[in-house]
Amino acid sequence: MSFRRPHVVRTRLPGRHERGHWIDGAPGPDKGILASVQPAKAGDYDQLQVHPEGRRVRAAVRIYTSADLVVAGQDWTNGDRLVWGVGPLAGEYQLVAVSPWQSGVIPHFRYLAVLLAADELQ
């Protein structure tokens, strides 16, 4: 029995620098993954609040999966997004951190993702 359930991830194509400015990649195809999605712990929120750009984090989740996903850059752009339709704050969650757990017993990745505000959805 597995604790992982099917979820949809919205991918993005690679971005580029153009005349000194970063241009986000276009939306890519959606892909299905098997993952366990859980609310983030208090320590995760402490880690996320340190960003100098002053971004507010309303909700965060931990994602446990064997799928290799793309994490956003340091300004939280151009990463994959988990579409999570359950929980008190359903929506698109931007992947902002990853911890690889490749121990040989149950190799997987632990991703940290934050809920995007309505004006951040593109």
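The values are calculated or read from the model by the stated rules, or taken from the named source; none is laboratory data. Bear in mind that the values here come from a model prediction, so they are computed numbers and not experimental data. Ideal geometry is used to build each Cβ from the backbone, glycine not excepted, and the neighbour counts take in all protein chains shown.
Overview of results
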{"quantity": "Members of the range 7-22 found to be under 18 Å from E92 (Cβ atoms) and in a strand (DSSP E or B), listed by number", "calculated": "H7, V8, V9, R10, T11, R12"}
{"quantity": "Evaluation of T65 against (1) surrounded by 17 or more Cβ atoms within 10 Å (Cβ to Cβ); (2) of a type outside the set (D, E, K, R); (3) under 17 Å from R12 (Cβ atoms) (one fails), failing number", "calculated": "(3)"}
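Okay, residues lined up against (1) in contact with a Cys (Cβ under 7 Å, 6 or more places away or on another chain); (2) hydrophobic (A, V, I, L, M, F, W, C); (3) farther than 17 Å from K31 by Cβ:
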| position | (1), (2), (3) |
| --- | --- |
| I63 | no, yes, no |
| V70 | no, yes, no |
| T77 | no, no, yes |
| R81 | no, no, no |
| V86 | no, yes, yes |
| A90 | no, yes, yes |
| Q94 | no, no, no |
| V98 | no, yes, no |
| S103 | no, no, yes |
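The rows are residues; the columns are (1) hydrophobic (A, V, I, L, M, F, W, C); (2) modelled with pLDDT of 85 or more; (3) surrounded by 14 or more Cβ atoms within 10 Å (Cβ to Cβ).
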site	(1), (2), (3)
T11	no, yes, yes
P52	no, no, no
V57	yes, no, yes
Q94	no, yes, yes
